[in-house]
Amino acid sequence: MSEHHLDLVRQLLDRQVVDKNHVYCGKVDDIVIDLKGGPKVKAILIGNGAASDRLPEFARWLSRTLFGRGITKIPWSDVLVVSDVIKLASDAKEHGLDERRGWAYDIVSKLPGAWKK
Amino acid sequence: MKSFLEIFLGILTAMGGFVEIGELVFSVNAGVKFRYSLLWVEVLGTIGIIVFSEMSGRISAVTQQPVFSYIRTRAGYGAGLMTLLAANSVSLLTCTAEIGGLALLLKLAFGGNYFLLAALVLIGLLAAVWFLSFQAIERIFGLLGLFLLIFVIAALNLGPSWGEAASGLIPSLPKVETTSDYWLYGYFVVALMSSIMLPYEVYFYASGAIEDGWNATMINANRMIILVGFPLGSLLSVALMFVGASYFQPQMIEPQLPGTAALAAAAVFGKWGLIYAIAGMFFAFGGAAIENALTGAYNLSQFLGWNWGKYRTPKDAPRFHVTWMLMFVVAALIVMTGVDPVEVVEYSIIFAVVILPLTYLPILLAAADEDYMGTFKNGWLAKTLGWLYFAIICIAALAAIPLLIITHGGKG
C-alpha cells in the first residue's frame, strides 16, 4: 500500500458528498479500490449499508435498523473535486440520491409553507 | 464586526436563553438545601459553558463545518454513531422534560387537563418551528425569556445575606448533620454543573452559527456575545438559588414542581410577579424544547450527510425537518405516558453529565487542530481552560451515576 492510498482514505472516507449544485448527497461511506496494477480508487459508496458494514455485529444491526442498508455506487470518474467536501460532476437525481422523494418528502411537501425558509 | 445593535441583541438573546428547566429545578433546590454554599458551582459551570461555546462558535465561523461532520471524519463511523446515539437520547430526554414543564406551567396558569395541555404544547412547538425562521425563533424565545429577570428583582427584594453568598463563592464543605448530606451536596454539585453545561447547548450553538451564516469576521462578536451574555444569563440562575435560600428555605418548602418558583415572585410583587415569572419560564422552557429538537435533527443530518438547516426549505431538507418533528412528537408521547416531568429533568441532567466528555472532547480537539482551524486554533488560554474543564467534567461524569444511586435520585 502506498502512502498516497492511505492519504486518500483519510481525505475521502466519511467526508460530505455534494452534487454539482451543492446539494448534499450523503457521506463517503466506503471506498472501492482496484488492486490490479497498483491500488486505484474505482468508486465511492454512499449509503448506510456500506458504512455499517465496517461495524461489529451488534452495532451493525443497530445502525441498519435505525438508518437502513441502502448502498449507491458512484464511479470515481464522477468525482470532480476532493477537498473538505467531495464534489460530484453530476446531479444527485441521476444517482437517486436527491431528497425530493421518499416518505420524509411526502410528509413535508403536503404541509402548508413547505417552500418557505 | 457586526453592528452594535446585532451584538446587543445577541447578548440579550444569549442571556434570556441561558436558563431552562434543569436550572429551575436544581438552582432553586440547591438554595433550599444548601443556601448559598453551591454558588461556586454556578461560577464554575458558567465559565465552562463560556469556554466550550466560544470554541464551538469559532469552529463554525472558521470552518463552516458542523460538529457532527467533524466527529464523523475524525472519530470514524462507529465511534461517531455511539456519540450520536448518546447525544440524541439526552436531547430527547431534555426535550421531554421541557414539554412536561410547559404543560405544568399551563396547568398552573390556566388549569385544565395535563395531557390535553401537553398535546397543545406539542402543536404549538411544531407550528412555531415550522412557520418561524431560525432568526425569529432565536430572538422571540431568547428575548421573552428575559421575563425571568423578575427573579433577579425578587431575589434582591427578599434581602439575600450577602456575606453568606460571598463565602459561597469559595468551594467548601457545608455544615450538615449527616454523611448522607455530603453525598447530597456532591449530587447537587454535579447536577447543577450539568444543568449549566448541557451538551445540547454547544451543539445548538455551533449549528446555529452556521444557520446565521457566520464567517471568520464573527469571531470577536462571538466572544463578546458569550463573554457578556452568558454571565448575565447565569445571574438568572443565581437569582433562583437566592430565592431558594431566602424565600423557600425559611418556610421549609422544597419546591418539587418547576412552577413553584413563581410563588416567590408572587410573594414579592403579587399577581404581576406571578405572571412575569410564568411567562419567563414559558419562553425559557419553550426555547429549550425547540433547541433540543433542532439539535437532534442537526446531529443526525450532519452525521449522515443529509441536507440540513432551517435555512433550507422543508422541501429541500425533508429528512431534517421530519427529524425535529419526530423529536417533538416522541418527547410529547413520553410526557403523555404520565411520567413525572421532574424525574425526567433529574435523569436528563444526570445522563447529560455522563456524556459530557464525549461532547466536549471532539470540540476541544477540533478547536486545537491547526490543519482545521489555521491561525484561529486555540490559544494558550482556551487550551489550558479547555483541558482543565475536560478533567473536571470527566470526574463529574464518573461521579454522576454513583451519586444518583447513593442519594436515591437527590432525595437524600
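Computed about its Cα centre, the charge dipole of the protein assembly as shown is approximately 820 debye, with only Lys, Arg, Asp and Glu carrying charge at their Cβ. Using Cβ point charges alone (K and R +1, D and E -1), the dipole size of chain B about the Cα centre works out to roughly 380 debye. Normalised by the number of residues in the range B:4-406, what is the relative contact order in percent for Cα pairs under 8 Å and 6+ residues apart? Worked out over the range B:4-406, it gives 38 percent. Compute the Cα gyration tensor for the range A:8-110, then decide on rounded, prolate or oblate, letting a ≥ b ≥ c be the square roots of its eigenvalues: rounded whenever a/c is under 1.5, prolate when a/b is larger than b/c in the other cases, and oblate in all that remain. Oblate. Residues A:Arg100, B:Arg58, B:Arg139, ordered by accessible area of protein heavy atoms at a 1.4 angstrom probe radius and largest first, appear as A:Arg100, B:Arg139, B:Arg58.
Could you look at the range A:8-110 and say what percent of its accessible area is carbon and sulfur, using a 1.4 Å probe and all protein chains?
Solvent-exposed carbon and sulfur of the range A:8-110 make up 54 percent of the total.
Put B:Ile47, B:Ile210 in order of accessible area, highest first, and with a 1.4 Å probe you get B:Ile47, B:Ile210.
Measuring heavy-atom accessible area with a 1.4 angstrom probe and counting protein chains only, the residues of the range B:318-335 that give up at least 50 Å² relative to the chain alone are B:Pro318, B:Arg319, B:Val322. For B:Gly100, the shell of other residues with beta-carbons less than 14 Å away shows a net charge of -4, using +1 for Lys and Arg and -1 for Asp and Glu. Spatially close Lys pairs in the range A:8-110, defined by Cα atoms under 19 Å apart and a spacing of eight or more places or different chains, total 13. With Cα atoms defining each centre, the range B:80-102 and the range A:48-87 are spaced 25 Å apart in the structure. Summed over both chains, the area buried between A and B is near 3000 Å², taken from the accessible surface of protein heavy atoms with a 1.4 Å probe.
Accessible area per residue for the range B:225-366, computed on protein heavy atoms with a 1.4 Å probe, is 31 Å². Pair-distance distribution P(r) for chain B, from all Cα-Cα distances in 20 Å bins starting at 0: 29, 61, 11, 0 percent. Going from the isolated chain to the complete set of protein chains, the range B:58-79 loses at least 50 Å² of heavy-atom accessible area (1.4 Å probe) at B:Arg72, B:Thr73, B:Tyr77. Candidate cross-link partners of B:Lys383 among the lysines, defined by an alpha-carbon separation under 19 Å and a same-chain spacing of 8 or more, are absent. A simple count of charges around B:Ala382, restricted to other residues whose Cβ falls under 15 Å of its Cβ and scoring Lys, Arg +1 and Asp, Glu -1, yields +1. Measuring nothing but how far apart in sequence close Cα pairs (under 8 Å, 6+ apart) lie, relative to its length, the range A:8-110 scores a relative contact order of 29 percent. Can you give the FRET efficiency to the nearest 0.05 for A:Trp61 and B:Leu333, using r as the Cβ-Cβ distance and R₀ = 25 Å? Rounded to the nearest 0.05, the efficiency is 0.50. Ranking B:Ala397, A:Leu35, B:Phe351 by how far each Cα lies toward the positive end of the dipole of the protein assembly as shown (charges on Cβ) leaves A:Leu35 at the top.
Summing Lys and Arg as +1 and Asp and Glu as -1 over all other residues whose Cβ lies under 10 Å from the Cβ of B:Gln249 gives a net charge of +1. For the protein assembly as shown, the alpha-carbon radius of gyration amounts to 1.00 times the rule-of-thumb value 2.2 N^0.38 Å expected for a compact globular protein. Counted residue by residue at 0.36 nm each, then reduced by the alpha carbon distance between them, the extension gain from B:Glu164 to B:Phe110 reaches 15.6 nm.
For A:Lys93 and A:Asn21 in one chain, what is 0.36 nm times their gap in residues minus the Cα-Cα distance, to one decimal in nm?
Residue separation times 0.36 nm, minus the Cα-Cα distance, leaves 24.8 nm.
A Cβ-based charge dipole, computed about the Cα centre of the range A:8-110 with Lys and Arg at +1 and Asp and Glu at -1, lands at about 120 debye. Per-residue ellipticity at 222 nm, computed for chain B from helices alone with -39500 (n - 2.57) per DSSP H run of at least four residues, works out to -26500 deg cm²/dmol.
Multiply the residue separation of B:Leu120 and B:Val43 by 0.36 nm, subtract the distance between their alpha-carbon atoms, and state the gained length in nm to one decimal.
That works out to 24.1 nm of additional length.
Rolling a 1.4 Å probe over the heavy atoms of the protein chains gives the range A:8-110 an accessible area of 54 Å² per residue.
The values are calculated or read from the model by the stated rules, or taken from the named source; none is laboratory data. The model shown is predicted, which means the values in this text are computed figures rather than measured ones. For neighbour counting, all protein chains shown are included, and Cβ atoms are generated from backbone atoms with ideal geometry for every residue, glycine included. Each accessible area value is taken on the protein alone, full model and side chains, heavy atoms only, with ligands, DNA and RNA left out. Shrake-Rupley method; radii C 1.70, N 1.55, O 1.52, S 1.80 Å.
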